[in-house]
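Working notes, beginning with the structure itself.
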Amino acid sequence: MNKALRPAVIAGNWKMNKTPGEAVQLINEIKPLVADAACTVIACVPFVDLQVVLGAAADSNIRIGAQNCHFEDHGAFTGEISPAMLTAMGVNVVIVGHSERRTYFGDTDETVAKRLTAAVNAGMTGILCVGEYLEQRQQGITDELVAMQVKIALKEIKPEQLGQVIIAYEPVWAIGTGLTATAEQANQVCGVIRATVAGLYGQAAADHMTIQYGGSMNAGNAAELLAMEHVDGGLIGGASLKPNDFAAIVAAASK
Ligand code: PGA
């Protein structure tokens, strides 16, 4: 982290977990544990939980986000949710391009770019996920691949909109597996992402970009990962469903 230059952001990704009732219970458990956070705290919850969780979190420092959005405002797109719908509810953060969307639901670099652009144009903050599969790391193409994902996703993002983008480096082999990238690996690729942003928008813009690490970040390894220069926060899956673990990660980012 380099808090002098850029905000530290810890975001929970609840994935497809928690009914509305369970979600309210979970957010109510998390609230007091992160009330003193000296970093930005976000919870990205299932669409059907947004309304009740927004209500439950209204008196807290937790920002509530969605886990995906479409690129059109409205239309014949069965099962999709638009940025306009989200902002109308008061939701102004959304994850785009998570590897589970790319792997299981056909999101591509092109559709991720469209989703990110639509979210940002709607005034939202987009958390753009990028990262390599294990075979790609073994082939030695991680840096090029991640740089390409970033370049395609940002191609329609104007310089003045860059403050609405957070990038999450999530090596796919580390997500939900208990395998974490080493702090050095995470820092190296987050550094590649920062250099890519610098190439597109200049060094000052890159210095202000929050770049998270995600992939089995937990209460035990968060401090070491967050101590790295280019790791400005975390996108947390499994551990975000455990209030004490999530709070420990928030505390590590609050140092
Ligand atoms: P994990 O998930 O923390 O459970 O590995 C991270 C993510 O998918 O964002």
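Quick note: the coordinates plus some simple rules give every number you see, no bench work behind them. Just so it is clear, the model here is predicted, and its values are computed rather than measured. Neighbour counts are summed over all protein chains in view; Cβ atoms, including those assigned to glycine, are modelled from backbone coordinates with ideal geometry.
Were the residues from PHE105 through ASP59 laid out at 0.36 nm apart, the gain over their Cα-Cα distance would be 13.1 nm. Positive-end ranking of ASN187, TYR133, THR19 along the dipole of the chain, with charges on Cβ about the Cα centre, is headed by THR19.
The residues packed around LEU145, meaning those with a beta-carbon under 14 Å from its beta-carbon, carry a net charge of -3 if Lys and Arg are +1 and Asp and Glu are -1.
Taking θ as phi - 60° and the Karplus parameters 6.51, -1.76 and 1.60, the scalar couplings of segment 58-72 work out to 4, 9, 10, 9, 9, 8, 9, x, 9, 10, 5, 8, 7, 9, 9 Hz in sequence order, x denoting glycine and proline. Distance cut-off 24 Å, Cα to Cα: go down the list LYS15/LYS151; LYS31/LYS255; LYS18/LYS242; LYS151/LYS255; LYS18/LYS158; LYS18/LYS114 and report the pairs above it. Among LYS15/LYS151; LYS31/LYS255; LYS18/LYS242; LYS151/LYS255; LYS18/LYS158; LYS18/LYS114, the Cα-Cα distance tops 24 Å for LYS15/LYS151; LYS151/LYS255; LYS18/LYS158; LYS18/LYS114.
Taking every alpha-carbon pair under 8 Å whose residues sit at least 6 apart, the chain reaches a relative contact order of 24 percent. For the peptides 146-154, 245-253, 21-29, residues were scored by their other Cβ atoms within 10 Å and the scores averaged per peptide; the highest-first order is 245-253, 146-154, 21-29.
When you work out D = kT/(6 pi eta Rh) for segment 9-253 at 4 °C and 1.567 mPa s, using the Kirkwood radius from C-alpha pairs as Rh and the Stokes-Einstein form, the result is 73 µm²/s. Full extension of the chain segment joining HIS208 with GLU224 gains 3.6 nm, where the gain is 0.36 nm per residue of separation less the Cα-Cα distance.
Phi angles across segment 75-89 convert, under the Karplus curve 6.51 cos²θ - 1.76 cosθ + 1.60 with θ = phi - 60°, into 3J(HN,Hα) values of x, 7, 9, 3, x, 9, 10, 9, x, 4, 5, 5, 5, 4, 7 Hz, Gly and Pro given as x.
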